[in-house]
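Structure first, commentary second.
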Amino acid sequence: MDISFKVQAFEGPLDLLLHLIEKNQVDIYDIPIAMITDQYLAYLSEMEKHDADITSDFLVMAATLLDIKARMLLPKDTDEEGNEEDPRAELVEKLIEYKTYKFMSLELKDKAITASKAMYKGSTVPEEVAKYEPPVDLDKFLGDLTLARLKAVFDDVLKRSSEKVNEAAMRYGRIQREEISIPDKIVQLRAYCSDHKEFSFRSLIESQVTRINIIATFLALLELMKTGEIWAEQEGNDSDIILHTGRAEEVEIGNEENESSH
């Protein structure tokens, strides 16, 4: 049978074998080894005529194919379980593995080509936004002092406030509740902090007259702690919570400067 060849470059002997299998449309798991071997050797001969570079890998594969072809003519060996061994099994395994890697390489190549056509817009974030940093790390300012302890003091003061007898309420039938906003309370606290560098959290809460004042003061205080204008410390679980004005970093720097001066 005459076979016409179009000489082309193959990456290796496995690449040539896959080409012959696909060309003949045969099952890779049931390779007609005699036909494929004849075509493989004919292709090598055609490569030599065109002065193509035949590497040792192609020649080794030719020897392998001839060996498999010869073993196919002999009685088949059996394994320990009595199953017949196919002389083509190892070659089929290598072909499937090579075909898998080849397919993956083509997929990656297509993705690389597609990605090269994509255009990305550079960052246009304003410089002011890019330099933004959170105002304060609450964990750093609170330290071992948790919001649960602050809330415990708040609940205790609130309970005491509700148990007090409001003499004004006993004297009049109805009292108009004053409206207190959190922003107004923050302004009041900032004014208070300008005169008090440190003060007791409990004393501050207890100094508020009404429940609404206590709640507003507590929320305003949390907001100032969030921004770092006030920070808290507590020496022990049963000791009073002391509030300090100014950022903790500034106080630490001041203490270090005082220690170094001494």
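Here segment 73-102 is the region considered, the condition is being assigned to a helix (DSSP H, G or I) and either hydroxyl-bearing (Ser, Thr, Tyr) or free of Cβ contacts under 8 Å to residues at least 12 places away in the same chain (or both), and the residue that is nearest to residue 34 (Cα to Cα) is 73. For segment 56-88, which positions are among the basic types (Lys, Arg) and either at pLDDT below 85 or exposed (fewer than 10 other Cβ atoms within 10 Å of the Cβ) (or both)? Scanning segment 56-88 gives a single hit, 76.
Let's see how each residue does on (1) of a type in the set (A, V, I, L, M, F, W, C); (2) at pLDDT below 85; (3) outside any helix (DSSP H, G or I):
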| site | (1), (2), (3) |
| --- | --- |
| 23 | no, no, no |
| 28 | yes, no, yes |
| 31 | yes, no, yes |
| 39 | no, no, no |
| 54 | yes, yes, yes |
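The values are calculated or read from the model by the stated rules, or taken from the named source; none is laboratory data. Treat the numbers as computed from the prediction; the structure is a model and nothing was measured. Positions of Cβ are generated from backbone atoms using ideal geometry, with glycine treated the same way; all protein chains shown enter the neighbour counts.
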